[in-house]
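Laboratory data are not the source of any read-out in this text; all were calculated from the coordinates shown. The shown structure was predicted, so the numbers you read here are calculated from the model rather than taken from an experiment. Positions of Cβ are backbone-derived with ideal geometry, glycine not excepted, and every protein chain shown enters the neighbour counts.
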Amino acid sequence: MNLANKLTVIRIFLIPIFLVFIAVKGIPYGKEIATAVFIVAAMTDKLDGYIARSRNQITRFGKFMDPLADKLLVTAALVSLVEFQLIPTWIAMVIIAREFAVTGLRSLAAAEGVVIAASWWGKIKTVVQIIAIILALVNLTYNNYYFVLITKISMILAVIITILSGLDYFMKNKDVIRTDK
């Protein structure tokens with residue numbers, strides 16, 4: 001297993017650690033540790049992609065597991081934020097539904113031998129979602145009016161870009177879902 005794939009596996013293993021620290025009451029600095037774990041996990045996403053491309057070590061495992069690890073991490077964080085009432089359920093559902101829809105589109109394309117690469121919108125979406133989630137996680141311990149406002153604005157921006165990204169994938173790949181085939 002190459003280094004990029006190891007980083008992907010580490011990201012997956014960090015998810016339950018994140019969940020323990022964010023969810024279990026009474027752990028000293030639990031929310032801060034959860035935030036730090038989330039940030040480290042999010043950083044491995046950028047790092048594993050860079051390593052895989054720079055070393056020409058792109059593998060089938062990485063192509064499958066890297067986006068799955070991203071979706072698991074973001075979903076775990078969003079569900080946690082809903083639980084703490086930091087974001088409304090609809091925001092989490094829109095983001096998660098887009099992930100399922102694009103994953104389904106990619107699966108249909110793969111069945112036809114077509115690979116749908118990450119788009120510019122998809123990359124922007126990931127960055128904005130991660131920033132919004134980090135702001136919301138920090139909001140768990142540092143809660144004032146302005147910080148709450150910045151968090152809400154960043155989450156709304158994440159939803160808008162998430163929707164635009166999903167539309168972009170479907171518009172560019174509408175041949176994959178044609179019903180007349």
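Between ILE160 and ALA110, take the C-beta separation as r, use R0 = 25 Å, and let me know the FRET efficiency to the nearest 0.05. Efficiency, from the Cβ-Cβ distance: 0.35. Go through LYS25/LYS152; LYS31/LYS63; LYS71/LYS125; LYS46/LYS174; LYS123/LYS174; LYS46/LYS152 and tell me which ones have a Cα-Cα distance over 23 Å in this structure. Correct reply: LYS25/LYS152; LYS31/LYS63; LYS46/LYS174; LYS46/LYS152. Values of log10 I(q)/I(0) for the range 1-90 across q = 0.22 Å⁻¹ run -0.99, by the Debye formula with one identical scatterer at each alpha carbon and no solvent. Dividing the summed helix terms, -39500 (n - 2.57) for each DSSP H run of n ≥ 4, by the number of residues in the chain produces a 222 nm estimate of -27500 deg cm²/dmol to the nearest 500. The value obtained for the chain, namely the Cα convex hull volume divided by the number of residues, is 117 Å³ per residue. Picking from THR44, THR141, THR162, which is most flexible by a Gaussian network model of the chain using Cα springs under 10 Å? Looking only at THR44, THR141, THR162, the largest GNM fluctuation is found for THR141.
Derived value for the range 40-96: Kirkwood hydrodynamic radius 12.7 Å. Basis is the mean of 1/r over every pair of different alpha-carbon atoms. Against the chain, whose longest principal axis comes from its Cα atoms, helix 60-83 is set at around 30 degrees. Would you please name the chymotrypsin sites (Phe, Trp or Tyr not before Pro) within the range 106-181 that are DSSP coil residues with at most 14 other C-beta atoms within 10 Å of their C-beta? Of the chymotrypsin sites (Phe, Trp or Tyr not before Pro), the ones in loops of the range 106-181 whose Cβ has at most 14 other Cβ atoms within 10 Å are TYR142.
Between the Cα long axis of helix 89-111 and the first principal axis of the chain there is an angle of about 20°, rounded to the nearest 10.
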